[in-house]
Amino acid sequence: IVPEYEMKRGALEPRPGHYDFSALDTLFGFARQGGLTLRGHPLVWYTANPPWLAPALEARRDETLLTGHIRTLLQRYPLTSVDVVNEALAPPGHGQGGWRPSPWLKAFGPAYIDIAFHAARASAPATQLVYNDFGCEQGSGANDRFRAATLNLLDGLLARRVPVDALGLQGHLTAFSNRVDQRKLRAFLDEVRARGLAILVTELDVDDSGGPSDIATRDAAVADEARRFLDVVLDSPATGAVLTWNLSDRYVDPPDEWRLKLAGFRYRKTPYDAQMRPKPLWTAL
């Protein structure tokens, strides 16, 4: 299992150095009781940070504001795998392979990624360390450029001997626009594997907005897109895990767009519907 919000810094550290581990401890207790492993997500992200963090970084560019948080979590929780840095690249269509703006980038430049991975390895030598992002899955020209930027990022890390073990593909797919190009995806995964890195699908779901109102049609399109994606990903010997982002539509937020809300639209992104009944996506998986 993987925390959706409970490990994000804004939820954990409301005041500098004062942590509230209660929600995360509950998840770990559930995992232990059920004999489950737990992935960490995320240690370093551009958002979901406490309000005090950005001003603190501007006041003093102190690396311990980054490394101390990593050390605190990894020494408290025995994780099998962790997203050390999440979404460091500008997303597809937002720049040509540049960096995503963040308090970390402003304070330390791109070196914050190296600092984070070295701190994670020092704190948890046996944990799989992952760079996690979205944008490598679909087939548009913007996604082509994002794949190239991702490989460039990984090449830089490996050349500098930064201890990255795996690439996390979030797997946020779309059923009715910008679908997966299997040929491009296969070539990209081969490139990642050639670099000696593992591949994880960390946040799989399928956005069904833009489709017809008929639920059966939408469910079939969602299942088909997931199947086309996994037919390629699971063929790669480098792939070690597939996790969905939520289990049931019961827990998926309604759309932000008010017209969809007025029409009663609800996403059907996950393997089970709101009544916990398996859907065609479950069968596809």
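Annotations
- Among PRO92, PRO212, PRO101: highest mean-square fluctuation, GNM of the chain, C-alpha pairs under 10 Å: PRO212
- Across TRP99, TRP52, TRP258, mean-square fluctuation computed from a Gaussian network of the chain (C-alpha pairs under 10 Å connected) peaks at TRP258.
- Helix 141-159 vs. the chain, principal-axis angle (Cα, 0 to 90°, nearest 10): 30
- Placing unit charges on the Cβ atoms of the charged side chains and taking the dipole of the range 1-152 about its Cα centre, the candidate lying farthest along the positive direction among CYS136, THR37, LEU73 is LEU73.
- Taking 7 Å steps out from each Cα toward its Cβ at ASP144 and LEU285 produces label points 3.3 nm apart.
- The relative contact order of the chain comes to 13 percent, based on Cα pairs under 8 Å that sit 6 or more residues apart.
- Beta bridges by DSSP in the range 135-270, antiparallel share as percent, to the nearest 5: 10
- Between ARG193 and ASP224, the simple spin-label model (points 7 angstrom out along Cα→Cβ) gives 2.7 nm.
- Positive-end extreme of charge dipole, the range 136-285 - chosen from THR217, LEU173, VAL232 (charges on Cβ): VAL232
- Listed values [x] -0.66, -1.05; [y] -0.55, -1.25; [z] -0.63, -1.24, entry calculated as log10 I(q)/I(0) by the Debye sum over Cα atoms at q = 0.10, 0.15 Å⁻¹: [y]
- With a Förster radius of 25 Å applied to the beta-carbon distance between ASP155 and HIS94, the computed FRET efficiency rounds to 0.70.
- Expressed as a whole percent, the accessible area of the chain that falls on carbon and sulfur atoms is 53 (1.4 Å probe).
- Cα long-axis angle, helix 111-123 against the chain (0 to 90 degrees, to the nearest 10): 80
- Between 0 and 90°, nearest 10: helix 215-233 axis offset from the chain longest Cα axis: 50
- Paramagnetic label zone (point 7 Å from Cα along Cα-to-C-beta, ALA126; backbone N under 11 Å) in the range 69-88: 78-80
- Taking PHE265, PHE117, PHE188 in turn, the Gaussian network model of the chain (Cα-Cα springs below 10 Å) assigns the largest fluctuation to PHE265.
- Solvent-accessible area per residue for the range 224-282 (1.4 angstrom probe, square angstrom): 58
The values are calculated or read from the model by the stated rules, or taken from the named source; none is laboratory data. Keep in mind that what you see is a predicted model, and the values were worked out from it rather than measured. Ideal geometry is used to build each Cβ from the backbone, glycine not excepted, and the neighbour counts take in all protein chains shown. Ligands, DNA and RNA are stripped out before the accessible areas are found, and what is left, the full protein with its side chains, is counted by its heavy atoms. Shrake-Rupley method; radii C 1.70, N 1.55, O 1.52, S 1.80 Å.
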